[in-house]
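Structure first, then comments.
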Amino acid sequence: MAEPSDPLVREVALLLEKKPRISVLTGAGVSAASGIPTFRDAQGLWEGVPPEDVATPQAFARNPGFVWRFYDERRRRLLECHPNRGHEVLAAWSRRYPDFSLITQNVDGLHELAGTANVTRFHGSLWDVGCWEECVASPHRWRDETVPFPSLPPVCPYCGGSLRPGVVWFGEGIDPHVVQKAEAATRCDLFFTIGTSAVVFPAADLIFQAQRHGATVIEINPEKTPASSRVDLFLQGNSEIVLDRIEALLG
Ligand code: OAD
């Protein structure tokens, strides 16, 4: 575990004091301390329900009610969750450093709730919905905070068809504008990869793009990932603790 006296924690604090261009990629581990299960850890979401049953267009086409019960329940649980110290520190950085970008794979909205500026949601949002039929009258995605929905699948207010969750499923492409913004953020001085297993692409490739662009890449995770052997600094520990320790040194 990275301790406050850990030379790596001090090294990162020194790098931050130079007010560099900072980009951050986050994953489910950042929200673990807020009570939101990760996907691939023991008792992670994909342990209980395989992704092919709830996180593909094919699964939705087969059984939209089943898929929606999974997302409706995640939305309901999210109402009880709050940003943790890790989200707070990243939000403080977003206000302090003029050139800060955060790309998150998380769909929980906790970075935004913590007040983080310049967040790019790579995999959509649990609070967004869209028309499954992509009816011409409807926008691509819009926010709907109804919890629980009166019927599942919920009804598209534009065409009377079914709504779908506004998250990116396996087999679906990422919005090209989102990819463009995230790739632009890989041109930075410090690139943090925090709380992600770094196995889902194209998100994980942002880490290596940043490296190719000359960024110093820093990983914060209690476990090693496929990226760990390639990053410049690996700080082993929970993000809510490690980020707090870095922030404490920054005063
Ligand atoms: P994973 O569940 O794959 O990985 C979570 C990571 O968080 C692991 O590497 C853990 O070691 C780490 N972790 C656990 N507790 C932590 C803590 N307190 N602080 C920091 N790290 C901690 O989640 P993601 O990498 O986010 O996509 O998964 C990527 C994508 O796969 C998700 O966005 C989702 C999923 O399928 C879609 O649904 C499209």
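We did not get these values from a lab; they are worked out from the coordinates using the rules stated. These numbers come from a predicted model, not from an experiment. With ideal geometry, Cβ positions are generated from the backbone for all residues, glycine too; neighbour counts draw on all protein chains shown.
Can you bin the chain into rounded, prolate or oblate? Criterion: square roots of the alpha carbon gyration tensor eigenvalues sorted a ≥ b ≥ c, rounded for a/c under 1.5, prolate for a/b above b/c, oblate for the rest. Prolate, because a/c is 1.5 or more and a/b exceeds b/c. Calculated FRET efficiency, ALA61 and HIS213, Cβ-Cβ r, R0 51 Å, to nearest 0.05? About 0.80, to the nearest 0.05.
With a cut-off of 13 Å between beta carbons, the residues surrounding SER151 carry a summed charge of 0, where Lys and Arg count +1 and Asp and Glu -1.
Using 0.36 nm per residue and subtracting the Cα-Cα separation, the extra length available between ARG69 and GLU52 on full extension is 4.6 nm. Distance between the modelled labels on LEU113 and GLU80, one decimal in nanometres: 1.3 nm (7 Å Cα→Cβ projection).
Annotation: cysteines of the chain without a disulfide-compatible partner (Cβ-Cβ under 4.7 angstrom) are CYS81, CYS188.
Averaging the Cα positions of each part gives two centres, and for region 150-224 and region 90-124 these lie 12 Å apart. The fraction of all Cα pairs in region 122-177 landing in successive 10 Å bins from 0 to the largest distance is 24, 55, 21, 1, given as whole percents. Placing a label point 7 Å from the Cα of SER151 along the Cα-to-Cβ direction, the residues of region 55-90 whose backbone N falls under 15 Å from that point are 64-66.
A Förster radius of 22 Å, combined with the Cβ-Cβ distance separating ILE174 from ARG143, puts the computed FRET efficiency at roughly 0.70. Taking the three principal axes of the alpha carbon atoms in region 145-197, the coordinate ranges are 48, 24, 21 Å, sorted in descending order.
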